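The values are calculated or read from the model by the stated rules, or taken from the named source; none is laboratory data. Being a predicted model, the structure only gives us computed values, none of them experimental. Quick reminder, even Gly has a Cβ in these numbers, built from the backbone with ideal geometry, and neighbours come from all protein chains shown. Protein only, heavy atoms only, side chains kept; ligands, DNA and RNA dropped before computing areas. Shrake-Rupley method; radii C 1.70, N 1.55, O 1.52, S 1.80 Å.
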There are 2 protein chains.
Amino acid sequence: MEDKVLLAHGSGGRLSHELIEKHCMPYLGNTILNRMDDSAALELNGRIAFTTDSYVIKPLFFPGGDIGRLSVCGTVNDLATSGAMARYLSLSLIIEEGFSVFDLERIMSSVSETAKEAGVLVITGDTKVVDHGSADGLFINTSGIGIIPEGIDISGGNAKEGDRVIVTGTIGDHGIAVMAQREGLKFSIPVESDCAPLNRLVSEILDVSSDVRCMRDPTRGGLATTLNELAAQSGVGIQIYEDKIPVKDAVRGMCEILGFDPLYIANEGKMIIIAAPEETDRIIACLHRNKYGKDAAVIGEVTSQHKGRVALRTRLGSSRIVDMLTGDLLPRIC
Amino acid sequence: MEDKVLLAHGSGGRLSHELIEKHCMPYLGNTILNRMDDSAALELNGRIAFTTDSYVIKPLFFPGGDIGRLSVCGTVNDLATSGAMARYLSLSLIIEEGFSVFDLERIMSSVSETAKEAGVLVITGDTKVVDHGSADGLFINTSGIGIIPEGIDISGGNAKEGDRVIVTGTIGDHGIAVMAQREGLKFSIPVESDCAPLNRLVSEILDVSSDVRCMRDPTRGGLATTLNELAAQSGVGIQIYEDKIPVKDAVRGMCEILGFDPLYIANEGKMIIIAAPEETDRIIACLHRNKYGKDAAVIGEVTSQHKGRVALRTRLGSSRIVDMLTGDLLPRIC
């Protein structure tokens, strides 16, 4: 039974301590976490950003990532949306009784590697174990604290008429990779999740441009839903052009076969950036220098027409309103 | 189907927005949360504490509280252990498909009331929905940020020989109340969970005493496990006296019948305080003035003997080592 998580590992007693010390701390330990206090103490000064996300993705391992990498990237990227540099994460596990300790370690190792890449520390945590059948393997919550550099004011409510809409790369990779893994579908060219921490990329953009209005990562609900959120929050219209939106051939092909629209497929390593038009060239040049931004493109602009809505000019020249996702395309995609 | 949470409520699209706007925001809304950005921006200066906990308690409603009240109190109290005044919480829900929207609202209402009592704001959140059978109703994660007042240095590693050990009230109430509800047991005198936010009580103590060394809330694993943690972390021995430990008659009776030891039963509204001996009277007097501290008592002291261990002098005058909880007494107690 040593290689399975037991209900008693969630008791808060000796076995809980063992689970954490033997299987988590070797990957996550740092001077703050090692104190093992119920809360972590640290010094902070200035404007900070605070965010939370629970991750329930199925399956836990997928091409291009796993729930560990995802749970670091998702929260780092949510912080990046307000221009904040992620610094500290909490990590809370809900584990189903019987879960493989080997898989737990693989996931902790992935959390550790991704946290290193993003330059963040896991400084506080929690572990709960529920009885077999009361959860599906493993759920992870990460919450994060980031520092907002001085002078930065980025919010979904800041878009203005004439601003340009940029996406930092191809859309739909994460959703299609996860779905293919889940359904056992094979591609001739394999599609991998784009799951990546974007805080360094965002930092580079903020270094070259002082007029970024909004940033948001198009995760659940995809590009279409996120653009709708931004249009509603800013009280503006958004016009996008189908032929400018980067989509991998394999993703487009899979979408056509399955009747999906890539505009609604989840991404985990992309950012939508809305910025003043005169900033566009500089931002795009900056993005193209970063491996996570090499396919970045301007895909549209902010207009005073159709306020609160997103319009798409199709390849064929026709125009249609692109609504938020209604219903659910791919449950448990993150 | 309107009164049940659907899988599509977790899609990130229109239904997710509706679920949050109709059933959560009326209870939780505040100027920061209302911005609905992916991360909340705020100003912080000085030393802060950061903590996280996931709540998987079963059943969701129990005498004296529910998962909503618990998920605020647990995190507020974890912050209080480092002397921090909780300010901001995140709230992340993992909901099983089919969960009652009415129950969700009851729980959000309870989160709201408890947050008001504790003086904290929920400023960022997340909602995921998993398919029926992949979770057990509702799991909640709250993470919290608190402000550590200047000059405060409280850690589990600070206990010194000669310090006194205080508990702020009767032990075992939460665990016994939840177990009784779960198993359908009836008491002649009903036992309620002690689930309560202790940040104001801790603040009052820090106002009257400058020499509090350690605080920790004896949740999972109970008083015995928490004292063991403190003994190990500080490298000291802890001596406690059975006749000084406050236990309600009903809790003691139920423990005797079921063969439980109240020392290992979870609490959700109690704090262990270790302080310099000359501070004891002032702290106890202060505790007795607060409704959450009225049964507070000095239950023992820190010694240089049996380092890293906890010894109990029984009512009969014999002595025994009290270990951490081994195995699991009551799974899913928080």
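So if R0 is 56 Å, what FRET efficiency would A:HIS306 and A:PHE102 give, r being the distance between their Cβ atoms, rounded to the nearest 0.05? Mind dumping the intermediate values first?
Numbers: r = 53 Å, r/R0 = 0.94.
My answer for the efficiency is 0.60.
Assume the label is 7 Å from Cα along Cα to beta carbon: what separations in nm does A:ASP243 have to the matching positions in the other copies?
The answer, with the shortest distance listed first, is 9.2 nm.
Do any residues of the range B:76-102 show a loss of at least 50 square angstrom of accessible area between the isolated chain and the full protein assembly, using a 1.4 Å probe, and if so which?
B:ILE94
At the nearest 100 Å², what buried accessible area, both sides summed, do you get for A and B when the probe is 1.4 Å?
Values: alone 15010 and 15000 Å², together 24050 Å².
Roughly 6000 Å² of accessible surface disappears when A and B pair.
Assuming a viscosity of 0.890 mPa s and a temperature of 25 °C, what translational diffusion coefficient in µm² per second does Stokes-Einstein assign to the protein assembly as shown, Rh being the Kirkwood radius over Cα pairs?
Working: Rh = 25.6 Å.
In µm²/s, the coefficient rounds to 96.
Write down the accessible area per residue of the range A:1-160 in Å², having rolled a 1.4 Å probe over the full set of protein chains.
Working: 5190 Å² over 160 residues.
With all protein chains present, the range A:1-160 gives 32 Å² per residue.
What does the charge add up to near A:VAL310, with Lys and Arg as +1, Asp and Glu as -1, over the other residues with Cβ less than 15 Å from its Cβ? All intermediate terms of the calculation are to be shown ahead of the outcome.
Numbers: positive: A:ARG164, A:ARG216, A:LYS244, A:LYS307, A:ARG309, A:ARG313, A:ARG320, B:ARG14; negative: A:GLU161, A:ASP163, A:GLU229, A:GLU242, A:ASP261, A:GLU301, A:ASP323.
That works out to +1.
Counting only other residues whose beta carbon sits under 9 Å from that of A:THR124, what net charge do I get with K and R as +1, D and E as -1? All intermediate terms of the calculation are to be shown ahead of the outcome.
On the way: positive: none; negative: A:ASP37, A:ASP38, A:ASP126, B:ASP78.
It works out to a net charge of -4.
Excluding the sites themselves, what is the longest stretch of chain A that contains no GluC sites (Glu not before Pro) in a DSSP loop with at most 13 other C-beta atoms within 10 Å?
Details: sites that count: A:GLU2, A:GLU150, A:GLU161.
The reported range is A:162-334.
Do you know the relative contact order of chain A, to the nearest whole percent, from alpha carbon pairs under 8 angstrom that are 6+ apart?
Values: 778 pairs, mean separation 75.2, N = 334.
Rounded, it is 23 percent for chain A.
Anything losing 20 Å² or more of accessible area from the isolated chain to the full protein assembly: pick those residues out of the range B:114-129, probe 1.4 Å, ligands and DNA/RNA ignored.
For the range B:114-129, once contacts with the other chains are taken into account, B:THR124, B:ASP126, B:LYS128 lose 20 Å² or more.
What does the copy distance list look like for A:ASN34, label position 7 Å along Cα→Cβ, in nm and ordered from shortest?
Between copies, matching label points for A:ASN34 lie 4.6 nm apart.
State the antiparallel share, in %, of DSSP beta bridges confined to the range B:7-148, rounding to the nearest 5.
Numbers: 20 of 29 bridges.
Of those bridges, close to 70 percent are antiparallel.
Which distances, in nm and shortest first, link the A:HIS306 label point to the same label point in every other copy, taking 7 Å along Cα→Cβ?
7.5
Which stretch or stretches of the range B:12-31 have amide N atoms under 14 Å from the point lying 7 Å from A:ASP261's Cα along the Cα→Cβ direction?
Residues passing the 14 Å test: B:13-14.
Once you have a ≥ b ≥ c as the square roots of the Cα gyration tensor eigenvalues for the range B:164-322, tell me rounded if a/c is under 1.5, and otherwise prolate or oblate according to whether a/b is larger than b/c.
Values: a/c = 1.94, a/b = 1.26, b/c = 1.54.
The shape class here is oblate.
In deg cm²/dmol and to the nearest 500, what is the mean residue ellipticity at 222 nm of chain A if only DSSP H runs of at least 4 residues count, each as -39500 (n - 2.57), divided by the residue total? Before the final figure, lay out each step's value.
Working: 9 runs with 94 residues, N = 334.
The per-residue figure over chain A is -8500 deg cm²/dmol.
Taking every alpha carbon pair in chain B, what does the distance histogram look like in 20 angstrom bins from 0, in percent?
All Cα pairs, binned at 20 Å, distribute as 31, 55, 14, 0 percent.
Among DSSP beta bridges lying fully in chain B, give the percent that are antiparallel, nearest 5.
Values: 41 of 54 bridges.
Looking only at bridges with both residues in chain B, the antiparallel portion is about 75 percent.
Nothing charged except the Cβ atoms of Lys and Arg (+1) and of Asp and Glu (-1): what's the magnitude of the dipole of the protein assembly as shown about its Cα centre? Round to the nearest 20 debye. Working shown, then result.
On the way: 66 positive and 90 negative charges, 23 e Å.
Charge dipole, the protein assembly as shown, about its Cα centre: 100 debye, nearest 20.
If a paramagnetic tag sat 7 Å from the Cα of A:ASN30 along the Cα-Cβ line, which residues of the range B:20-58 would have the backbone N under 19 Å from that point?
B:46-53
Would you work out the relative contact order for the range B:1-140, in percent, from Cα pairs under 8 angstrom that are 6 or more residues apart?
Working: 198 pairs, mean separation 53.0, N = 140.
About 38 percent, as a whole number.
Just report the Cα centroid separation between the range B:100-152 and the range B:1-71, whole Å.
Each part's Cα centre sits 5 Å from the other's.
If a paramagnetic tag sat 7 Å from the Cα of A:ARG320 along the Cα-Cβ line, which residues of the range A:220-235 would have the backbone N under 15 Å from that point?
The answer is A:224-225, whose backbone nitrogens lie closer than 15 Å to the label point.
Computing the accessible area with a 1.4 Å probe over protein heavy atoms, can you report the carbon and sulfur percentage for the protein assembly as shown?
49
Enter the accessible area of A:LEU7 (Å², nearest 10), with the probe set to 1.4 Å and all protein chains included.
Surface accessible to solvent at A:LEU7 totals approximately 40 Å².
Tell me the net charge near B:GLY144. Cut-off is 12 Å between Cβ atoms, B:GLY144 excluded, with +1 for each Lys or Arg and -1 for each Asp or Glu. Working shown, then result.
On the way: positive: B:ARG87; negative: A:ASP38, A:ASP126, B:ASP53, B:ASP78.
Net local charge, B:GLY144 excluded: -3.
Which links in A:LYS160/A:LYS307; A:LYS4/A:LYS186; B:LYS248/B:LYS307; A:LYS4/A:LYS128; A:LYS270/B:LYS128 stretch past 23 Å when you go from one Cα to the other? Don't skip to the answer; put the middle values down first.
Numbers: A:LYS160/A:LYS307 11 Å; A:LYS4/A:LYS186 31 Å; B:LYS248/B:LYS307 30 Å; A:LYS4/A:LYS128 14 Å; A:LYS270/B:LYS128 20 Å.
Violating the 23 Å limit, Cα to Cα: A:LYS4/A:LYS186; B:LYS248/B:LYS307.
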